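Report on the following structure.
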Amino acid sequence: MSNNRRPAYLPIAIIAVVIIVIAAAVIMWFKPDSQRMEAAQSASIASESTLSTALNSEQTEQTASAQNQSAFVTGLERLPRSLRGTQVDGEIIIDEHKQLVVTEGLRRLFDYFLSAIGEEDEAVIFARVESYIRHHTPEPAASQAVAIFGNYVAYLKALPDIEKRYGNLQLQASKSGELDLNVIAQQKQDVANLRQQYFDKTTIEAFFGASDSYDDYSMEMVRINQNEQMSEAQKQAARQDYVSRLPDGAIKTNILQQANLNELMARTEQMKAAGASPEALYNMRRELVGAPAAERLAQVDQEDANFDQRFTQYEAQKVQLLSQSANPAAAQSQIEQLEQQLFDDAERKRLSGYAALQKTKTQ
């Protein structure tokens, strides 16, 4: 098996740590404003798991019979189409006494198999997971892992009741312009209470500790952004102070990288709007992300400017062709030839989206 399959499971708050090349593309095509950043953060808090909905759906397609459940040995027999050719994600760790050591990797293992909900019946998936665990794990760790899996499935099934009580927080935020952080905090508390019904403290920390830390960070950033009594400089200082007080570790490192990325995008937008020179942009970027990344971003700026120039030329000639030609079909053929002259295949696919983006800027 060659490809890693990431589970369909989406935590309450996943703040993606994007590599700088992707950041450059974002800066190039979709320069963010503060409202868009707030909406992205609100979306990250909206829902813990798409699996919870799937597990409660009565429309699950059953492609394996009950007779097949007992035929599992390794749990990897007759995998559903979506899992074929993938590598099992996650891990099962035991100590020297063959006791289970609960990790976030165990949850990833569960999510890997649960991502096939819709292709396989829940009972078949449960049998598959139990067979996989028992084939790879000695007792008593095997039975401990199977028990946690059963609780995990029950927990996912119970989540929609909480989500229904609070409605679509992302939709509410898009309508009002702001998130009600008190409501979000209460929802998180209800989820925390639900977890305590199904898991012990060790499992809760292993399964949800990292995502909870990102939740807290995301909510604090939204709280700062929505504080109208603070200047932009005060907001920036508050963000830096919050991050500085986080315990050292991978989470803090990732959040620092994300904070640098957010600041990079915001300062790039501000400096470009103010007409900053390429040298000034390079120096700012070098300070935030280092010289190699600053050089790559400078190259992106050049490519961006080159594309803008060609796009302006294209739009002017397109208008001229449409206004001068009495034959719309002939004009369209000439426009297509013009596109091939000015843009490569990848750029032509972006033309309509880029034109729409430019149009919104002029409105």
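The values are calculated or read from the model by the stated rules, or taken from the named source; none is laboratory data. What you see is a predicted model, and the numbers here were worked out from it, not measured in a lab. Reconstructed Cβ throughout: ideal geometry from the backbone, glycine too, with neighbour counts over all protein chains shown. The protein model used for the area step is the full one, side chains on, heavy atoms only, and it has no ligands, DNA or RNA in it. Shrake-Rupley method; radii C 1.70, N 1.55, O 1.52, S 1.80 Å.
Quick rundown of the values:
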| quantity | calculated |
| --- | --- |
| Whole-number accessible area per residue in Å² for the stretch 122-269, which is evaluated in the context of all protein chains at 1.4 Å | 50 |
| Portion, in percent, of the accessible area of the stretch 70-161 that falls on carbon or sulfur, probe 1.4 Å | 51 |
| Segment Val101-Ala250, length gained on full extension (0.36 nm per residue, minus Cα span) | 51.6 nm |
| Label-point separation, Ala346 to Asp308 (7 Å along Cα→Cβ), nm | 2.0 |
| Assigned charges on the beta-carbon of Lys, Arg, Asp, Glu; the stretch 162-320 dipole about Cα centre (debye) | 220 |
| Alpha-carbon centroids, the stretch 184-206 and the stretch 243-273: separation in whole Å | 28 |
| Estimated distance in nm for a label pair at Ala291 and Leu322, the labels positioned 7 Å out from Cα along Cα-to-Cβ | 4.8 |
| ³J(HN,Hα) computed for each position of the stretch 98-107 - Karplus, 6.51 cos²θ - 1.76 cosθ + 1.60, integer Hz, glycine/proline x | 6, 8, 6, 9, 6, 9, 5, x, 5, 5 |
| Two-site label geometry, Ala355 and Glu336: point separation in nm, points 7 Å out along Cα→Cβ | 1.4 |
| Peptides 121-127, 73-79 ordered by average Cβ neighbours within 10 Å, highest first | 121-127, 73-79 |
| Mean Cβ count within 10 Å, highest first, over the residues of peptides 155-165, 315-325 | 155-165, 315-325 |
| Cα gyration tensor, the stretch 210-363 - rounded (a/c under 1.5), prolate or oblate | prolate |
| Shape of the stretch 209-297, Cα gyration tensor, a/c cut at 1.5 | oblate |
| Full-extension gain in nm, Gln299 to Gln257, via 0.36 nm per residue minus C-alpha separation | 13.0 nm |
| Per residue value of the accessible surface for the stretch 274-359 (all protein chains in place, 1.4 Å probe), Å² | 63 |
| Accessible-area composition of the stretch 245-327, carbon plus sulfur, in percent [1.4 Å probe] | 52 |
